[in-house]
Amino acid sequence: MTRYIEPSRMDHLFNRTVAGLTRLGVSVWGSRILYVRGRSSGDWRTTPVNVLTLDGTRYLVAPRGITQWVRNVRVSGNGELRVGRRAEPFTATELSDDEKPAILRAYLKRWGWEVGRFFEGLDANASDEQVRAIAPGFPVFRIDQGA
């Protein structure tokens, strides 16, 4: 599935603001700057992300679908998460669609106000069947320490 939602001008402004604060060391509701090597260039690429912690495990969710950062993480399998000067290397494992419902629901519960419009009318109270139906369009990665 190749679902992708292009960011609006307001999204770009919001992301720049969150990224600026996060680079200064101020995490906005769990924000981090994701650093991942470009799959073709090998250059570091950056974008602000929300890191979800659920039952002691951390996840990256792509609410806009198959973004460039998703494609890069799929190829590299690792990256860094940064807040201020603190850089945390990680390895990433993409989850299957059957593993996603609880994670997507928790993500919506925490950041639905920010990303709910990308979830095709669903909210944190959606049934497992409803969430499974949209899961292929929402990449989710489990992130572990180390690279």
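The values are calculated or read from the model by the stated rules, or taken from the named source; none is laboratory data. Keep in mind the model is a prediction, meaning the values are calculated, not measured. Cβ sites come from the backbone with ideal geometry, for glycine too, and all protein chains shown count toward neighbours.
Within segment 9-27, being under 20 Å from residue 87 (Cβ atoms), of a type in the set (Val, Ile, Thr) and either in contact with a Phe, Trp or Tyr (Cβ under 7 Å, 6 or more places away or on another chain) or part of a helix (DSSP H, G or I) (or both) holds for 18, 22. Residues of segment 96-109 that are surrounded by 17 or more Cβ atoms within 10 Å (Cβ to Cβ) and either touching a residue at least 60 places away in the same chain (Cβ under 8 Å) or not charged (D, E, K, R) (or both): 101, 103, 104, 106, 107, 108. Here's a check for you: in segment 126-147, which residue that is surrounded by fewer than 18 Cβ atoms within 10 Å (Cβ to Cβ) and in contact (Cβ under 8 Å) with a residue 12 or more places away in the chain is nearest to the chain's Cα centre (by Cα)? Among residues in segment 126-147 that are surrounded by fewer than 18 Cβ atoms within 10 Å (Cβ to Cβ) and in contact (Cβ under 8 Å) with a residue 12 or more places away in the chain, the one nearest to the chain's Cα centre (by Cα) is 142. State whether one or more residues within segment 122-130 are in contact with a helix residue (DSSP H, G or I) (Cβ under 8 Å, 6 or more places away or on another chain), closer than 19 Å to residue 48 by Cα and not charged (D, E, K, R). Among the residues of segment 122-130, not one is in contact with a helix residue (DSSP H, G or I) (Cβ under 8 Å, 6 or more places away or on another chain), closer than 19 Å to residue 48 by Cα and not charged (D, E, K, R), which makes the answer no. On inspection, residue 73 qualifies as touching a Phe, Trp or Tyr at 6+ places or on another chain (Cβ under 9 Å), touching a residue at least 60 places away in the same chain (Cβ under 8 Å) and among the β-branched types (Val, Ile, Thr).
Can you name the residue in segment 1-25 that is of a type in the set (Val, Ile, Thr) and without any contact (Cβ under 8 Å) to a residue 40 or more places away in the chain and, of all such residues, is surrounded by the most Cβ atoms within 10 Å (Cβ to Cβ)? First the steps, then the outcome.
Start the filter on segment 1-25 by keeping residues that are of a type in the set (Val, Ile, Thr), which leaves 2, 5, 17-18, 22.
Restricting the remaining residues to those that are without any contact (Cβ under 8 Å) to a residue 40 or more places away in the chain gives 17-18.
Numbers: 17: 12, 18: 21.
So the residue we want is 18.
Among the residues of segment 82-94, write down those that are surrounded by fewer than 18 Cβ atoms within 10 Å (Cβ to Cβ) and closer than 16 Å to residue 138 by Cα. Across segment 82-94, the qualifying residues are 93, 94. Taking segment 136-147 as the range and being part of a strand (DSSP E or B), at pLDDT 95 or above and not β-branched (Val, Ile, Thr) as the test, the residues that pass are 141, 142, 144. For segment 84-125, a residue qualifies if it is of a type in the set (Gly, Ala, Ser), over 15 Å from the mean Cα position of the chain (by Cα) and under 20 Å from residue 31 (Cβ atoms), and the qualifying residues are 84, 87, 124.
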